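Let me begin by presenting the structure, written as structure tokens, before commenting on it.
The values are calculated or read from the model by the stated rules, or taken from the named source; none is laboratory data. Computed from a predicted model, the values in this text were never measured in an experiment.
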Amino acid sequence: MTTRSQALKDDGCMEKRRQPRFTAQFRSTFSGGQREGQGKTLDLSHGGCRIETEQVVVTGATFECRIYAPGLNWPLRIDEAQVRWVKGKTFGIQFTSIQPEERVKLKQVIAHLTVQ
């Protein structure tokens, strides 16, 4: 299990997160406006995640996101997520809108990650 509630950024400054993130490797898709893409979710928290993709993504963009975690019958659906940062082929998103039943699934996925 890997958690990161604070991480050093490249410039040596501390990056403060609201929730710890847990290492994951799940397929993910995202779509919004005229743009669609797919990638790999590299870490996950109750409030967001980090995704690696070949698609061009810009800070501030919003979209719907689906995360295909093992053990779920259907992908985890995030109704709205906002891109908070982009670095190379990875970007971080904050979950801004998620249905209560999807929030329950998110908690289950994270609980499974904490025992690995």
Problem - Subset of segment 85-103 [more than 17 Å from residue 20 (Cα to Cα) and in a helix (DSSP H, G or I)] - result: 100, 101, 102
Completion exercise
Of (1) modelled with pLDDT of 95 or more; (2) part of a strand (DSSP E or B), residue 36 satisfies every one except (1)
